[in-house]
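Visitor: Can you read through this structure? Questions will come right after.
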Amino acid sequence: METEQAVLALAALSQPTRLEAFRILVRHEPDGLAAGDLARLLEVPQNTLSAHLSILSRARLVSSERHSRSIIYRASLGEFRDVAVFLLRDCCGGRPEVCEPVVETLQSCCSPKPRRRAR
């Protein structure tokens, strides 16, 4: 990832409504969420949300797809991964133990939940 793209993505996420919109879209992966539903969850007018989603789209952090009369938005997790890797790639300076707490935190929050056995 180029520095310019990382800056664009980080700038897009540096506003509270856009950050929360992205976080909500992450929680709704892989199905995505209709723009109107997202506006209701964020309690913002649809035209305001549209401007925010446009910024996130230009930063390649969200994608959209029209389904009949709705536009479904999805978080671009691959792009977000690229931003995170860009930030962390050189964090340990050849000393993996420096980054180990970050990796452990990500693994614990992203581990699959155990399935319940059928009775």
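We did not get these values from a lab; they are worked out from the coordinates using the rules stated. Keep in mind that this is a model prediction, so the values were computed, not measured. Note: ideal-geometry Cβ built from the backbone for every residue, glycine included; neighbour counts use all protein chains shown.
Visitor: For the chain, find the longest principal axis of its Cα atoms and tell me its angle to the long axis of helix 77-88, 0 to 90°, nearest 10.
Guide: Between helix and principal axis, roughly 40 degrees.
Visitor: Here's a follow-up. Can you list residues from other chains, or at least 5 along the same chain, whose modelled amide H is less than 5 Å from the amide H of residue 32?
Guide: Result for residue 32 returns nothing.
Visitor: Shape verdict for the chain, please, from the Cα gyration tensor: rounded (a/c under 1.5), prolate (a/b greater than b/c) or oblate.
Guide: oblate
Visitor: Note down the relative contact order for the chain as a percent, whole number, built from C-alpha pairs under 8 angstrom at least six residues apart.
Guide: 25
Visitor: Hey, another quick one. Among 42, 25, which comes first, second and so on when ranked by fewest other beta-carbon atoms within 10 Å? Can you show the working numbers first?
Guide: Values: 42 17, 25 22.
With the fewest neighbours first, 42, 25 line up as 42, 25.
Visitor: Would you mind counting up the charge near residue 56? Only other residues with Cβ under 13 Å from its Cβ, with Lys and Arg at +1 and Asp and Glu at -1.
Guide: Charge balance in the 13 Å sphere: +3.
Visitor: While we're on this one: Taking amide H positions as placed in the peptide plane 1.01 Å from N, state which residues far from residue 76 in sequence (5 or more) or on other chains have amide H under 5 Å from it.
Guide: 62, 63
Visitor: Continuing with this model, one more query. Hey, what number do you get for the chain at 222 nm if only DSSP H runs of n ≥ 4 count, each worth -39500 (n - 2.57), divided across all residues, to the nearest 500?
Guide: Values: 6 runs with 70 residues, N = 119.
It lands at -18000 deg cm²/dmol.
Visitor: Residue by residue, what Karplus-based ³J(HN,Hα) values in Hz, rounded to whole numbers, does region 44-58 have, using 6.51, -1.76 and 1.60 with θ = phi - 60° and x for Gly and Pro?
Guide: Running phi through 6.51 cos²θ - 1.76 cosθ + 1.60 with θ = phi - 60° gives 10, x, 4, 5, 5, 4, 4, 5, 5, 5, 4, 5, 5, 5, 4 Hz.
Visitor: Amide H of residue 71: which non-local residues (sequence gap of 5 or more, or other chain) have their own amide H closer than 5 Å, using H built in the peptide plane?
Guide: Amide H to amide H, under 5 Å and 5 or more residues apart or across chains, residue 71 pairs with 35, 36.
Visitor: What angle do you read, to the nearest 10 degrees and between 0 and 90, between the alpha-carbon axis of helix 96-110 and the longest principal axis of the chain?
Guide: 40
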